[in-house]
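Please read the structure below before turning to the comments.
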Amino acid sequence: MRSWSGPQVPRLEGTPPVLRLHDSATRELVLSSPAETARLYVCGITPYDATHLGHAATYLTFDLLQRQWLDRGLDVVYTQNVTDVDDPLLERATATGVDWAELAERETELFRTDMEALRVLAPAHYVGAVESIDLVVDLIDRLGDSVYRVDDDLYFDVHADPAFGSVSGRDPDTMRQVFGERGGDPDRPGKRDPLDCLVWQAERPGEPAWESRLGRGRPGWHIECAAIALQHLGTDFDVQGGGSDLVFPHHEMSASESRVATGEPFARSYVHAGMVGYDGEKMSKSKGNLVLVSRLRESGRDPMAIRLALLAHHYRSDWEWFEDDLVAAEQRLERWRTAVARPSGPDAEPVVAAVREALSLDLDAPAALRAIDEWAAAEGDVSSAGAVVTLAADALLGITL
Ligand code: 5CA
Ligand code: ZN
């Protein structure tokens, strides 16, 4: 699948402090110190509707993370998938009378355009489920005896993985409940364990299917991400990322499947962004309570203000979107732009250090923004300061002033 063209990230002088990130698996801050290359997998969209601010906030989180690694002189290999065949996509296509593949292509294109506008760094590998079917089939083969049939469908036996449960830390009862709420089928007769997940779904009437040695069918969701991540990053990569709605079952299952197939750890850390709400509920395509990036752009809102509005919330918090957030971000952007355009300002070195410090501690963007606010509100006589702050806002926050 074609990626988008992300921005170039300028290099800054000096060295940032060590980077700490919250890992969902250990529920602790862990050191992120890849040797030379940082490897990142982020779960991509299911393209049946346009990008909303919740998606954008999640992708911005991992954009900030990459900028942290880049600031430390590391190379980043970033892989993201597109779930371009799955139940919600097929249901939407049927309900609206459009071809599922056309719907997926159209919404993926809109997503790319939104990401470009928001200056989100592009993945090196942007990979669809459909183009990865052979990878999925190979990975299912590697699962050996841990895969079994229910009718013509294939399931993964979660008991094959002694470490099952280690990503989410949830107990079996909670897992069972959440599994049912998030696309799983705990009550299907014939499964060894209610939590066992589908890896290959045999062809259903009227649905797309692909020929394979497993029979005609299509990939399960979790194995799709496991296969794509392993192919493009290998095992034991640095960070598996996504929104917190993916901790269980999605990231739990992908990690388990991968561990059983390879005998190696999947990711070193699991990093999750909080959920953005709107009108009192999680913003979601299925509920339809959406604020779309593309609509805001069409109505003339500056993408940099949208970006700033999202960065004003810590990535791990759940928060609700209000129109005022964008107004406040527009005012902040205006203050910053005025401040960097002054003939001189306060020394930039302390503010760059403060921004780095904030982001190094679990990507605390709100604290980073406050540091620039303070610089912008103060007076000083350093003539290069505006240019340095402009460069730092670009490199570390992705904001062009
Ligand atoms: N295709 C799968 C992942 S493999 C999927 O979850 N697609 S999605 O389109 O539903 O979501 C895309 C990304 O946005 C996921 O990382 C998801 O966790 C995140 N996301 C979805 N809704 C929200 C929200 N309201 N707030 C923050 N992030 C969200
Ligand atoms: Zn995924």
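Each 5 Å bin from 0 upward holds the following percent of the Cα-Cα pairs of the range 90-234: 2, 8, 14, 18, 19, 17, 13, 7, 2, 0. Taking only the Cα atoms of the chain, the radius of gyration and Dmax are 21.9, 75 Å. For the range 199-205, 3J(HN,Hα) computed residue by residue from phi via the Karplus equation (6.51, -1.76, 1.60; θ = phi - 60°) reads 10, 8, 9, 4, 3, 10, x Hz, glycine and proline entered as x. So which aspartates and glutamates pass the test for K287, namely a Cα distance under 17 Å, with those fewer than 8 places away in the same chain ruled out? In chain and number order, the partners are D49, D87, E91, E181, D245, D279, E320. Taking a point 7 Å from the Cα of E334 along the Cα-to-Cβ direction, the residues of the range 378-401 with backbone N closer than 17 Å to it are 401. For A341 and R2, a Förster radius of 51 Å and the Cβ-Cβ distance give a FRET efficiency of 0.85, rounded to the nearest 0.05.
In the chain, the longest principal axis of the Cα atoms and the axis of helix 323-340 are about 40 degrees apart.
Start at zero, step by 10 Å, and the Cα-Cα distances of the range 1-150 spread as 10, 32, 31, 21, 6, 1 percent across the bins.
Between T26 and E91, the contour length at 0.36 nm per residue exceeds the alpha carbon distance by 19.7 nm.
Between the amide H of C197 and those of F156, V158, distances stay under 5 Å, these residues lying 5 or more places away or on another chain, with hydrogens modeled in the peptide plane.
A simple spin-label model places pseudo-atoms 7 Å from Cα toward Cβ; at A35 and V327 they are separated by 5.4 nm.
Each residue, D173 and S299, gets one label point 7 Å from its Cα in the Cβ direction; the gap between the two is 4.5 nm. On a 0 to 90 degree scale, rounded to 10, what angle separates helix 53-71 from the longest Cα axis of the chain? Once rounded, one gets 70 degrees. Shown for R142, R27: other C-beta atoms within 10 Å of each C-beta, ranked fewest to most, produce the order R27, R142.
Express the C-alpha Rg of the range 1-46 as a ratio against the empirical globular expectation 2.2 N^0.38 Å, rounded to two decimals. Spell out each step's value before the answer.
On the way: Rg = 14.8 Å, N = 46, 2.2 N^0.38 = 9.4 Å.
Scaled against compact globular proteins, the figure is 1.57.
Database remark: amide H of L19 closer than 5 angstrom to the amide H of S32 (H placed geometrically; neighbours at sequence offset of 5 or more, or on other chains; Pro and chain starts carry no H). Top mean-square fluctuation among S384, S284, S254, Gaussian network model of the chain, C-alpha springs under 10 Å? Top of the fluctuation ranking is S384.
Excluding P47 itself, what net charge comes from residues whose Cβ is under 11 Å from its Cβ, given Lys and Arg +1 and Asp and Glu -1?
Here the charged neighbours net out to -3.
What's log10 of I(q)/I(0) for the range 222-347 at q = 0.12, 0.13, 0.19, 0.23 Å⁻¹, Debye sum over Cα points only, no solvent? For the range 222-347 at q = 0.12, 0.13, 0.19, 0.23 Å⁻¹, log10 I(q)/I(0) is -0.66, -0.74, -1.02, -1.23. With semi-axes defined as the square roots of five times the eigenvalues of the C-alpha gyration tensor, the equivalent ellipsoid of the range 268-401 measures 30, 18, 11 Å, largest first.
Working note: Karplus 6.51/-1.76/1.60 with θ = phi - 60° gives the range 20-34 the couplings 10, 10, 7, 9, 5, 5, 9, 6, 9, 7, 10, 6, 10, 9, x Hz, where Gly and Pro are set to x.
With both bridge residues required to lie in the chain, what share of the DSSP beta bridges run antiparallel, to the nearest 5%? In the chain, DSSP labels about 50 percent of beta bridges as antiparallel.
The numbers here are math on the coordinates, done by the rules we state, and not lab data. Everything quoted here is computed from the prediction, not taken from an experiment. FYI the Cβ positions are ideal-geometry reconstructions off the backbone, even for glycines, and counts take in every protein chain you see.
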